[in-house]
Structure formats: structure tokens, C-alpha cells
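Beneath this line is the structure, given in C-alpha cells, with notes to follow.
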Amino acid sequence: MKHIKKFETFDFTQTLPVTTKNFLTNFYSCDDCDEVWKEFNKVSNKCKFCQSEQIEDLSEDEFYEIQKTKIEDNQTSNIGSGRMEDSEELVDLVNMRSLSESNSYDYTILPQEALVELSDYVDYRNPENRIEVYPDPKVDGTFALRVFRKKDGVTFDLLWNRGAYDGVEFDSWPPVSGDLKFFF
Ligand SMILES: [Zn+2]
């Protein structure tokens with residue numbers, strides 16, 4: 001499988017469209033109570049759980065790594081203040097995975113303007129080209145696309161969001177997170 005754009009080399013500073021910036025998520029951890037949390041489009045000055053100001057910014061990778069560990073730990077540890085948060089997140093991920101698995105769509109669910117733009121990338125009406133589409137369950141009107149283009153044997157990912165496509169490469173397919181940010 002060949003990708004037109006590798007995730008590793010994707011230059012977000014150059015290509016991140018202004019329209020998606022307000023969706024950016026901030027990730028934090030607390031030095032005092034050890035909880036992690038995320039804020040959409042918001043900056044935290046204090047711990048969401050204990051109000052401590054000893055908090056640190058996390059990268060998205062760090063956040064999900066810590067969260068994964070915490071969810072695993074929680075199966076045996078006492079109920080902590082963050083457990084509810086974590087289990088909600090876990091349920092979310094499970095829901096999304098099942099959503100993704102059950103809701104495999106083709107290009108026909110795309111809005112008209114997304115179809116028009118899609119024809120710049122691929123002749124979607126040609127059945128030799130394969131287009132899988134997943135709507136973002138959390139962000140209305142946002143769609144993840146994986147396109148196989150027969151004529152040059154290329155597979156690539158697109159993100160339709162607010163009237164434009166971004167060339168991206170999803171870590172997993174179907175995408176399992178509902179956060180728009182995960183697409184990057
Ligand atoms: Zn705290």
C-alpha cells in the first residue's frame with residue numbers, strides 16, 4: 001500500500017487550515033493528584049480535579065499513553081477521582097469502535113460540495129476506485145475518507161472538514177477516536 005503523504009512528514013504548521021484551529025485540544029496532567037484531562041478549545045490554569053495549579057501540558061500522544069495506562073490500572077486499583085472520567089472515555093472509545101465497524105459508508109453520504117471536491121482526487125463514480133467514508137461521530141459534518149485510486153494504485157486518506165479536504169494519514173482505519181484532533 002502506498003500513501004501519498006506520510007503522517008511523519010506532514011507539516012501541520014504549513015497546512016493546518018484556520019477553520020480547524022478552534023477545535024484544537026489541550027492536554028494536561030496534574031502533579032498533585034496525578035490525573036489527566038483534556039480541554040477542547042480551552043486553556044486550563046488549574047487541575048480539573050483538585051484545583052492544584054501544579055499542572056503540566058501534555059502532548060496528545062503523552063495524554064493517551066497515560067490514559068491508557070490509567071484505564072488498565074483502574075481495573076485493579078481503588079476508585080479514584082479520575083475514574084469516572086476515564087471510564088467515560090473508555091465507553092466513548094468502545095462506542096466509537098463499534099460505530100466505526102458498523103457504519104461503513106461509501107461516498108454517497110458525503111455532502112454535495114465534498115463530492116465536487118473529491119472529483120479533484122479521484123473519479124469516485126468509477127467502481128474500480130474504492131472510497132470508504134466514516135462520519136466523525138462527534139463533529140457533525142466531518143468525514144474521514146480512505147481512497148483507493150485504481151489508475152495509479154495509490155491509497156490515501158482525506159479529512160473533510162468545514163468545506164475543505166486535508167491530506168492526512170490516519171493511524172488506524174477506521175479511525176477510532178471522535179476527536180477532530182485525532183485526525184492530525
Ligand atoms: Zn490535581
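No lab work stands behind these numbers, since they all come straight from the coordinates. Predicted model, so just to flag it, every value in this text is computed and none were measured. Don't worry about glycine lacking a Cβ; one is built from the backbone with ideal geometry, like all the others, and counts go over all protein chains shown.
What to note about this one:
- Förster-model FRET efficiency, 41 Å R0, Thr155 and Thr25, C-beta, rounded to 0.05: 0.90
- FRET efficiency for Phe148 and Asp61, using Cβ-Cβ distance with R0 set to 30 Å, rounded to 0.05: 0.60
- Cross-link pairs Lys42/Lys70; Lys38/Lys150; Lys42/Lys68 - those with Cα-Cα distance over 31 Å: Lys38/Lys150
- Order by protection proxy (mean Cβ within 10 Å, highest first), peptides 153-159, 121-127: 153-159, 121-127
- Placing R0 at 35 angstrom, the Cβ-Cβ distance between Asp123 and Trp173 gives a FRET efficiency of 0.95 after rounding to 0.05.
- Gained length - Glu72 relative to Gln112, 0.36 nm times residue gap less alpha-carbon distance: 10.1 nm
- For Val154, nonlocal amide neighbours, meaning residues 5 or more places apart or on other chains whose placed amide H falls under 5 Å from its own, are Arg149.
- Inter-probe distance in nm under a simple model that places probes 7 Å from Cα toward Cβ, at Arg130 and Ala164: 3.1
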